[in-house]
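Read the figures in this text as sums done on the coordinates, not as results from a lab. Nothing here was measured: the structure is a model prediction, and the numbers come from that model. Methodologically, a virtual Cβ is constructed for each residue, glycine included, from the backbone with ideal geometry; neighbour enumeration extends over all protein chains shown.
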Amino acid sequence: MPFRCNYCGGYFCAEHRLPEFHECTGIYRGRGAVNIGRATSRRSYNTYYGPPRRRSTLHNLFRFSERELRHLGISLLVIAAIPLTWFQGYIFRRPELVFGAIGIFAAAFLLHELAHKFSAQRLGYWAEFRLNTFGLLITLISFFSPFKLVAPGAVIIGGRMNKEDYGKISLAGPVTNIAQAIIYLAINLSLSGNLIKLLTIVGVTINSSLAVFNLIPFGIFDGKKILRWDWRVWLSVTITAGLLFLYSQTYWL
């Protein structure tokens, strides 16, 4: 059981690592037991430790706890080091390329996670980013391999979700990466050969690969939750991300 819950202290498999999947008793301890879910006239005897589910307003949508900001900061430091392994030969020759790639990669990761967080909060769920010790270790180990795995943490969501809400929240991350890839592609097609054009290809590559990776339809990936909600949505976004990734690879070949 490689995953330890930060709230109840228990150890769980990949399928049950999130608090909402193992009946976590510690995630909202002390706030009172209330019902979480869509409004209904039928009485439910299922309780969950958490605040009442209500849609967030613009005022409280962008709130972050100190712990969350600290975990995001650590994750970004780790993420920023990955492009250094790709462009280590250019650190002194082309530092603008290296720092540009770091910014693109950090934005791809950060906006992906924030999309999950904000979409969950918009639907009325508690959501915060948390580091995962096992995922952070895997990310650091991948520095020494040709394939980089980006999994230092994830957005933890509190509340009993139906598959539609879970699918929409999971969809927000890959769609954000696809949108970034399309923006970089549009800029690339409007420019001639220069540094910015090269960085836009880096942007398409990073964002499309992150989208494709997260759309894998099994395990703890977003793709499984999206597929369980609506296979047509999963297929359309997967094809889009795949085409963007293939286009970016034609540049590097």
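Odds and ends about this structure:
- Straight-line cross-link partners of LYS168 among the lysines, defined as a Cα under 19 Å from its Cα and at least 8 positions apart when in the same chain: LYS117, LYS224, LYS225.
- Only Cα pairs under 8 Å and 6+ residues apart enter the sum, and on that basis the relative contact order of segment 57-252 stands at 19 percent.
- The order of TRP86, TRP252, going from fewest to most other C-beta atoms within 10 Å of their C-beta, is TRP252, TRP86.
- In sequence order, calculated HN-Hα J values of segment 62-72 (Karplus, 6.51, -1.76, 1.60; Hz; x Gly/Pro): 9, 7, 10, 7, 4, 5, 5, 4, 5, 5, 5
- Simple spin-label estimate for ARG94 and TRP231 in nanometres, 7 Å along Cα-Cβ: 4.4 nm
- Protection proxy ranking for 201-214, 235-248, 161-174, using the average of other Cβ atoms within 10 Å per residue and placing the highest first: 201-214, 161-174, 235-248.
- Residues whose amide H comes within less than 5 Å of that of GLY153, counting only those at least five positions distant or on another chain, are ASN132 (H built at 1.01 Å from N in the peptide plane).
- The Rg/Rh ratio of segment 103-157, with Rg taken over Cα atoms and Rh as the Kirkwood radius over Cα pairs, comes to 1.06.
- Pairs of alpha carbons in segment 57-252 whose separation is greater than 27 Å (percent): 30 percent
- Long-range amide H partners of PHE129 with built H, under 5 Å: ILE156
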